[in-house]
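One structure is given here, and the rest of the page talks about it.
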Amino acid sequence: MTILLLGGNGLLGHNVLKALLQRGHSVHALVRRREALHTEGMPAVERLTVLEGSLLDDDMLAAAAQGCEAIVNCVGVTDMSLLRYEDYLPVNRDLCRRLTQLMEGQGISRLVHTGTANTIGYGSPAAPAAEGAPMQAPFTRSFYAQSKREGEALLLRYAEAHPERHVVVVCPGFMVGAYDTKPSSGALLLAGYRRRLMPVPSGGKSFVAVADAAEAVANALTQGRSGQRYLLTGENLTLKEFYHRQAQVCGYRQRQVTLPDGLLRLAGWLGDGLRWMGIHTQLSTRNVRQLMVREYYDNRRSREELSMSSTPLAQAIADFFAWRGERVLPGNK
């Protein structure tokens, strides 16, 4: 197929681009800056067409979609320092409506949209949550998660009204791996890299190799059920366990110390005051509370219906640091 890829310059987007090219697809990648797209190590780059422009420009979006049979949307505004809910809506919600209009106008029959696991209620170590779990606090107060939930709901309603089209929503957990150019999730890995003492919040996440998530996205173009959400998640670990795993992979010793929840709440209140004064900061009560919950998920549906692989997290950590040129112990992958 010829596929319009949005957000190809991000962590997931780069890996999806690689997966699509490996499968023989042709890709139109719409990015704001051409130099933000890194294609080293990717196959068949002659099948890649890069277009520069804003995805919020309807004419540019229509031009990029010319001749495409499918859309893969990996775009999302994730900046936790933004002060207003409205700052998230043009990309996280309104773009979804514009993509349905683009499908109608250009006869595009397939769409895979990247949501977030935060719109699905998290579980526990004994009972990880599946796709049907309702969204839970503190994510019900997160501007990012709320705006993504609105976008997901819009597309699921569209899929129900248009059974002739194939519309799938994927909901990634915390992705780790190569091509993390900003870095995005890699900032968590770098925060603890080679530190002898690492203070960590009490919460946990569902860590997934980004290559596995990208494989599932590419498969979702022809697999899965239209109108369904799929959790792209992996190993459920506390942050303390994650940093211990990272130290093993990278070959250094580190002591991880769990921060008291009360101290995090105090930092959140301080951040609330700064944000009230108009100062952009990621510190806020709604954000720090996310670090105190264990976001544990069950990816069974994605493994069964999207053929998602299960790469060991140690390999994904090694891939992240190897792509950055850092030393990794081969025997610890």
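Quick one: what pairs do we get from region 105-126, first residue free of Cβ contacts under 8 Å to residues at least 40 places away in the same chain, second open to solvent by 10 Å² or more (accessible area, probe 1.4 Å) and not aliphatic (A, V, I, L, M), C-beta under 8 Å, 6+ apart or different chains?
Within 8 Å, the pairs are Gly121/Pro134; Gly121/Gln136.
When both residues are 6+ apart or on different chains and their Cβ atoms are under 9 Å apart, which pairs have a first residue that lies in region 318-329 and is open to solvent by 50 Å² or more (accessible area, probe 1.4 Å) and at pLDDT 90 or above, and a second that is hydrophobic (A, V, I, L, M, F, W, C) and assigned to a loop (DSSP other than H, G, I, E, B)?
That search, which allows pairs on different chains as well, returns Asp319/Ala178; Asp319/Val328; Ala322/Ala178; Ala322/Val328; Trp323/Ala178; Arg324/Ala178.
List, please: which pairs have Cβ atoms under 7 Å, are six or more places apart or on different chains, and start with a residue in region 149-166 that is of a type in the set (Asp, Glu) and end with one that is not in a helix (DSSP H, G or I)?
Once the first residue is of a type in the set (Asp, Glu) and sits in region 149-166, its partners that are not in a helix (DSSP H, G or I) give Glu152/Gly115; Glu152/Val169; Glu152/Arg229; Glu160/Gly227.
Could you list, in sequence order, the residues of region 179-207 that are part of a loop (DSSP other than H, G, I, E, B) and within 16 Å of the chain's Cα centre (by Cα)?
Here is the first cut: in region 179-207, the residues part of a loop (DSSP other than H, G, I, E, B) are 179-185, 193-196, 201-203.
Tyr179, Asp180, Thr181, Lys182, Pro183, Ser184, Ser185 - these are the residues of region 179-207 that are part of a loop (DSSP other than H, G, I, E, B) and within 16 Å of the chain's Cα centre (by Cα).
Please specify each residue of region 134-157 satisfying the condition of being open to solvent by 40 Å² or more (accessible area, probe 1.4 Å) and touching a strand residue (DSSP E or B) at 6+ places or on another chain (Cβ under 7 Å).
Passing the criteria: only Leu156.
For the condition free of Cβ contacts under 8 Å to residues at least 60 places away in the same chain, crowded, with 17+ Cβ neighbours inside 10 Å, farther than 26 Å from Ala214 by Cβ and not charged (D, E, K, R), what is the one hit in Leu270, Leu264, Leu283, Leu274?
On inspection, the qualifying residue turns out to be Leu283.
Search region 229-251 for residues that are part of a helix (DSSP H, G or I) and pair each with any residue that is among the charged types (D, E, K, R) and buried (at least 23 other Cβ atoms within 10 Å of the Cβ) when their beta-carbon atoms are under 8 Å apart and the residues are at least 6 apart or on different chains.
Sorted first by the residue in region 229-251, then by its partner, the pairs are Leu239/Lys205; Phe242/Lys205.
Filtering region 175-216 down to residues that are among the aromatic types (Phe, Trp, Tyr) and crowded, with 20+ Cβ neighbours inside 10 Å, which residue is nearest to Glu305 (Cα to Cα)? Let's see the steps before the verdict.
Of region 175-216, the ones among the aromatic types (Phe, Trp, Tyr) are 179, 193, 207.
Now restrict to residues that are crowded, with 20+ Cβ neighbours inside 10 Å: 179, 207.
On the way: Tyr179: 26, Phe207: 20 Å.
Taking the candidates together, the pick is Phe207.
Out of Glu69, Glu40, report the one residue that is surrounded by 12 or more Cβ atoms within 10 Å (Cβ to Cβ) and farther than 30 Å from Asp272 by Cα.
Of Glu69, Glu40, the one residue that is surrounded by 12 or more Cβ atoms within 10 Å (Cβ to Cβ) and farther than 30 Å from Asp272 by Cα is Glu69.
Filter region 91-122 down to residues that are open to solvent by less than 20 Å² (accessible area, probe 1.4 Å) and not in a helix (DSSP H, G or I), then give me how many there are.
Looking only at that region, the number is 9.
Out of Leu48, Leu12, Leu17, Leu37, I need the residue that is without any contact (Cβ under 8 Å) to a residue 40 or more places away in the chain, among the aliphatic types (A, V, I, L, M), touching a Ser or Thr at 6+ places or on another chain (Cβ under 8 Å) and within 24 Å of Gly325 (Cα to Cα). Which one?
Leu17
Out of the residues in region 72-90 meeting the condition of being outside any loop (DSSP other than H, G, I, E, B) and over 14 Å from Leu5 (Cβ atoms), tell me which one is least open to solvent (accessible area, probe 1.4 Å).
Within region 72-90, the match that is least open to solvent (accessible area, probe 1.4 Å) is Leu89.
The values are calculated or read from the model by the stated rules, or taken from the named source; none is laboratory data. Small disclaimer: the values here were computed from a predicted structure and weren't measured. Here Cβ is always computed from backbone atoms with ideal geometry, including for glycine, and neighbour counts include all displayed protein chains. Note: accessible area is taken over every heavy atom of the protein model, side chains too, but ligands, DNA and RNA are not part of it. Shrake-Rupley method; radii C 1.70, N 1.55, O 1.52, S 1.80 Å.
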